Structure formats: C-alpha cells, structure tokens
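Asks: Below is a structure I'd like to ask you about.
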Amino acid sequence: MGTVYVSVRSRQKEIVRRLELYKEYENLDRRKIRMLTTETALRMVLELYEQKAEA
C-alpha cells in the first residue's frame, strides 16, 4: 500500500511518476494517500505549464 502512478499531459508533453509514498511517510491511510497524490498531481500540472511558458 502506498504506491501510486500519476500522469498529467498537455498536447506537447506528458509526465508520468511512480509515487512510493510508503518510503517517505509513516502511518499511511487511504485519506492521506489521496491527499498526497492529489497534491503531487497538481504540482505536476504546474510543472507542465511552467515548461510551456518557458518554451
């Protein structure tokens, strides 16, 4: 428990990450896994748009 795959994509690029949350956090429950995964996905979206703005 605690491994999640997250993918975000624009027309030009896709970012895929494997999150092994159990290696970074203790006492994981479903709620915390969802919260951490959502936070990471939103950061990935920002990363995509920052890269797009630089291009």
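The values are calculated or read from the model by the stated rules, or taken from the named source; none is laboratory data. Keep in mind that this is a model prediction, so the values were computed, not measured. Quick note on the areas: whole protein, heavy atoms, side chains included, nothing else; ligands and nucleic acids left out. Shrake-Rupley method; radii C 1.70, N 1.55, O 1.52, S 1.80 Å.
Asks: Only one of these conditions is not met by GLN12: (1) open to solvent by 60 Å² or more (accessible area, probe 1.4 Å); (2) of a type in the set (S, T, N, Q); (3) within 15 Å of the chain's Cα centre (by Cα). Which number is it?
Replies: (3)
Yes/no matrix, rows are residues, columns are (1) at pLDDT 90 or above; (2) open to solvent by 40 Å² or more (accessible area, probe 1.4 Å); (3) of a type outside the set (S, T, N, Q):
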site	(1), (2), (3)
VAL16	yes, yes, yes
GLU26	no, yes, yes
ARG31	yes, yes, yes
THR37	yes, no, no
MET44	yes, no, yes
TYR49	no, yes, yes
ALA55	no, yes, yes
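Asks: Sticking with this one: Sort out which residues of the range 1-39 are β-branched (Val, Ile, Thr) and assigned to a strand (DSSP E or B), and write them in order of number.
Replies: Step one: filter the range 1-39 for residues β-branched (Val, Ile, Thr), giving 3-4, 6, 8, 15-16, 33, 37-38.
Those that are β-branched (Val, Ile, Thr) and assigned to a strand (DSSP E or B): THR3, VAL4, VAL6, VAL8, ILE15, VAL16.
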